[in-house]
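Throughout, read-outs are computed from the coordinates displayed, never taken from laboratory work. What you see is a predicted model; the values in this text were computed from it and never measured. Cβ coordinates were reconstructed from backbone atoms using ideal geometry, including for glycine residues, and neighbour counts include every protein chain displayed.
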C-alpha cells in the first residue's frame, strides 16, 4: 500500500488548532459575565445558521446536510435532556444520536458533492428524515431489542466505564474517524478534513453532556470547524487549479498586488504540447500537465508556481533577481527533460493493487514518453515597473526560447 506523504496531513491543521483553542478556552467559560453565559446555549444555533447559509451560497450539499444533522442533534439534547440522560426515553435518544451522528459524518465523507436542490439532495433529505423517524420510534416503550442494543456494554473496563458515551457509539466513532481521515488525506478537501474535527468535537460534546457548558461550547466548535471548511473549500475553488492542484492565475494576480519592488518572474511552457495532445489524446495530455506541475513544485530559490493557463505556468520569485534564479530554473528544466513518464493504459484495472502489479511487478513494456519545457525569465526594474510589464518581458523571453530550439532558458 502506497504511503501517504506527510504534507497531506497539513490539511488537518486548522481543525486541530480550533479544537485546541476550544480546549484552552473552556476553563475560562465559567468566569464569563452572567449575560454572556445566558447566550452561550444559543451560540451553536447561530454558528450553524451561518454555516448553513454559506453552504447554500457556495452549493456545498454535504456540509449543508451535516449542519442539519448537528442542529437536530443539539436541539434534541436541549429539548429532552437536562444534563446527563435520565429515564428510558432520554437515554435512548442520547444513545441513538451518539451512534447516528458519527455514522452520518463518515457516510457524508464518502459521498460525492451532489448539491442540495437535486435528486441526490432530495434523497439525502429523505435519508435523514428516516433516521429521525427511527429515533422517535426507538424512544417509544416496548422496543426492547433496539434499546438493549443501544445500551449494551461490550466490556466492563474502568477506562470505558468512566465515559458517558454509549459503548456501541465508540467503534462507530473510531472507525468513522479513520474513514474520514483517509478520505481527507486522499482528496485534500478542506470539508473532509473539517469533518474529522466535527467528529472529535461532537464526541467531546456528547461525553460531557453531564458537565455544565461542555455541550454548547464544543457543538459551537464543531459548527465553526465545518464553517471554516466550507470557506476554505470555496477559496480553493476560486484560487486553485483543479487539474494540477497549483494556485491559479487569479491567485497569481492577487499575489502580484503584494509584491515589493524586487522580484523575478519565469514563464514556463510545455514544448509541442498540442502535437502531444493530438498524438496521445487529452487524457494523456492531462497526465503530462500534472507531471510537469509536480516537478515545478520542487523548484528552488523560494519560487512559487502558478498555472497561468493551458500548458503555461508561472513561477514567482519574490526578492530575487534574474541571475539568482537561473540555477534553480536550469536544474528544473533538466529534471523535466530527463523524466520518463510511463503512460497509463486506458484499460488499466480499477484496483490500485492490480495497477501497482502491472506497473512494478510485470515485465511488460507499457511505453514511456518524455517532455521538455521552455522558460523565459525577467526581473523587475528599469522600465518594467508594473508586474504586467515583467510578465510581458518574461513572455517575450519565452517566445525567444521556443523560437531558438525549445528546451532552454532565455532571459
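Points to keep in mind about this one:
- Ranking of 409, 375 by neighbouring Cβ atoms within 10 Å, starting from the fewest: 409, 375.
- Options (i) 4, 18, 22, 20, 16, 12, 7, 2, 0; (ii) 4, 20, 29, 25, 15, 5, 1, 0, 0; (iii) 5, 22, 32, 25, 12, 4, 0 - which one matches P(r) over Cα pairs in 10 Å bins from 0, in percent as calculated here: (i)
- Rounded to the nearest 10 degrees, the inclination of helix 88-110 to the longest alpha-carbon principal axis of the chain is 10 degrees.
- For the pair the range 172-194 / the range 261-287, the C-alpha centres are spaced 33 Å from each other.
- A viscosity of 0.890 mPa s and a temperature of 25 °C, combined with the Kirkwood radius over C-alpha pairs in the Stokes-Einstein formula, give the range 3-147 a diffusion coefficient of 138 µm²/s.
- Highest-fluctuation residue, 30, 177, 205 considered, GNM on the chain with Cα pairs under 10 Å: 30
- Computed log₁₀ I(q)/I(0) - Debye formula, equal Cα scatterers, no solvent, the range 249-410, q 0.20 Å⁻¹: -1.24
- Each of the peptides 224-230, 111-117 was scored by the mean count of other Cβ atoms within 10 Å over its residues; in descending order, highest first, they stand as 224-230, 111-117.
- Descending Cα extents along the principal axes, the range 292-340, whole Å: 32, 23, 13
- Debye intensity ratio in log₁₀ form over the Cα atoms of the range 56-121, taken at each q of 0.16, 0.17, 0.26 Å⁻¹: -0.61, -0.66, -1.07
- Antiparallel %, DSSP beta bridges [both residues in the chain], to 5: 90
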